[in-house]
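The values are calculated or read from the model by the stated rules, or taken from the named source; none is laboratory data. No experiment lies behind these values; they were computed from the predicted model shown. Here the Cβ positions follow ideal geometry from the backbone for every residue, glycine too, while neighbour counts run over all protein chains shown. To get the accessible areas, we keep the full protein, side chains included, count just its heavy atoms, and leave off ligands, DNA and RNA. Shrake-Rupley method; radii C 1.70, N 1.55, O 1.52, S 1.80 Å.
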Amino acid sequence: MATEGRGKEMNEIKTHFTTREGLYRLLPHSEYSRPNRVPFNSQGSNPVRVSFVNLNDQTGNGNRLCFNVGRELYIYIYKGVRKAADLSKPIDKRIYKGTQPTCHDFNHLTATAESVSLLVGFSAGQVQLIDPIKKETSKLFNEERLIDKSRVTCVKWVPGSESLFLVAHSSGNMYSYNVEHTYGTTAPHYQLLTQGESFAVHNCKSKSTRDLKWTVGEGALNEFAFSPDGKFLACVSQDGFLRVFNFDSAELHGTMKSYFGGLLCLCWSPDGKYIVTGGEDDLVTVWSFLDCRVIARGRGHKSWVSVVAFDPYTTSVEESDPMEFSGSDKNFQDLLHFGRDRANSTQSRLSKQNSTDSRPVSVTYRFGSVGQDTQLCLWDLTEDILFPHQPLSRTRTHANVMNATSPPAGSNGSGVTTPVPPPLPRSNSLPHSAVSNAGSKSSVIDGAIASGVSKFAILSIHDRKERHHEKDRKRNHSTGHISSKSSDKLNLVTKAKMDPAKTLGTSLCPRMEDVPLLEPLICKKIAHERLTVLVFLEDCIVTACQEGFICTWARPGKVSKFQP
């Protein structure tokens, strides 16, 4: 009987959990779904996805929520922890025939209270541009499926652009589009620009468009994400590889191989220094962008990991002793800024400290993961994992981003002193003795981030248009930045098949005993069906399952503001 009782407890759906920050609570009245609240029969359907945008309107209800369920697409005003969800009044609702929406993305740069651009990808390969506020359909791309006939797996606006966007397909191809271009009724022809190991980039021969076609890896390209500064593009594929490219030059920066099976998801850290991936090996893997190597793995899920995401609001910062840290105060303020403005985090700047004697500002990164095992896991990536060979500083000050009140460098604020909570413990990280012997590069974030981010944060829509017009023009009408390599086989893609048995034990895929192993801070079953969404907002965490229920988890201290 005791064993049976424990089994029921393990299968019980959790409605709250506790971390060192306090109690996180599920808010039933803030649950979004189809208006009838009936669980969706998810067999054979595409994963439920969620997109957010903040319109900064005067009413205080600026957040908009978009999600797909089966053949249906809904857009609501998202009231979060403040008020109950009103499912009877969607901003827009669309039901599609013959195809299903698979993914979507708002353009944060151009969004206003009167208009917002939303891209929607479909299972038959098309991409639709709609305005859910005006209830208009602007354009349909790949309408006749002449460019690619396979399912759209990921669609995103190019950071800082009003018109450029990128689309990935299950064919393993990615295509760049421009909403201002007119696309013909004939299949496009491409010529090779550059190629490397397991990837190739082609340019469309059409005089009216200069769009690119990327062929990456083997099998489906499951997800891609731009770095916070928009300069690099990371992709995960069904062949199990993470590949990171310089987006403008199409040069391969680094690669990583999963421990087993395909990689399904990825996310950049707020400062762009790390990438976390998840996939069919049931693991989360942390990869260093600067060192191009795996620095840790996390084991907690019992099935495939479907989404990973960093929590910029719970990332904590420790400033080194002045004798050991040669960076400016802007470094510290920049990292605090990541947790304040999620929308502007994509405009941060990656940088390194010129001095090789100083160690980085110490950051404890919080990230989360959800999987097909219906479990939510939270993880801390701590200093003993990031810098295993370096002793701790004698004196440090600690600040928690979620509670910080000091304004970032270059922004307008009253300069309120930041509270100093106790340091985070490091009990969740379990480094092995045989840590990688490769010397890690010591680097810090310099003041360029502060100036770049804070200046962008206060730009008006008009200023942003002028600022990025020249950048868009270069990306559309010039391909000189990509080195063209002559080849007699222009349309032949070089795909060097790598034997997984040969990559295991190398820097591409270290053995389990060769890298630190993380244990989750919490691992809770929170749904009946597989989880497909994890988003960290300032006052809550948003999750969603394949039944079509979008759930809001209030952060500690935030639930008191809730109004039914």
Subject >> Residue list for the stretch 125-144, filter: outside any strand (DSSP E or B) and open to solvent by less than 20 Å² (accessible area, probe 1.4 Å) >> reply: Gly125, Pro132, Asn142
Original post:
Can you tell me which of Val179, Val201 is over 30 Å from Pro312 (Cα atoms) and crowded, with 20+ Cβ neighbours inside 10 Å?
Top reply: Val201
Original post:
Quick check: is even one residue across the stretch 69-76 touching a Pro at 6+ places or on another chain (Cβ under 7 Å), within 19 Å of Leu531 (Cα to Cα) and not in a loop (DSSP other than H, G, I, E, B)?
Top reply: yes
**OP:** Give just the number: which of (1) surrounded by 15 or more Cβ atoms within 10 Å (Cβ to Cβ); (2) part of a loop (DSSP other than H, G, I, E, B) does Val53 not satisfy?
**Re:** (2)
Original post:
Of the residues in the stretch 85-104, how many are open to solvent by less than 30 Å² (accessible area, probe 1.4 Å) and either in a strand (DSSP E or B) or over 22 Å from Val38 (Cα atoms) (or both)?
Top reply: 5
**OP:** Go through (1) part of a strand (DSSP E or B); (2) surrounded by fewer than 21 Cβ atoms within 10 Å (Cβ to Cβ) one by one and return the number of the condition Val155 breaks.
**Re:** (2)
Original post:
How many residues does the stretch 106-124 hold that are within 14 Å of Leu55 (Cα to Cα) and crowded, with 18+ Cβ neighbours inside 10 Å?
Top reply: 8
Subject >> Residue list for the stretch 21-32, filter: of a type in the set (Gly, Ala, Ser) and either within 21 Å of Leu378 (Cα to Cα) or modelled with pLDDT of 95 or more (or both) >> reply: Gly22
Subject >> Elements of type strands (runs of 3 or more DSSP E) in the stretch 167-265, at least 3 residues being out of contact with any His (no Cβ under 6 Å at 6 or more places or on another chain) and of a type in the set (A, V, I, L, M) >> reply: 232-237
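Every residue, every condition in (1) modelled with pLDDT of 85 or more; (2) aliphatic (A, V, I, L, M); (3) touching a His at 6+ places or on another chain (Cβ under 7 Å), yes or no:
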position	(1), (2), (3)
Asn476	no, no, no
Ala496	no, yes, no
Glu538	yes, no, no
Ile541	yes, yes, no
Glu547	yes, no, yes
Ile550	yes, yes, no
Ala554	yes, yes, no
Original post:
Thr185 is checked against (1) crowded, with 21+ Cβ neighbours inside 10 Å; (2) modelled with pLDDT under 95 and fails just one. What number does that condition carry?
Top reply: (1)
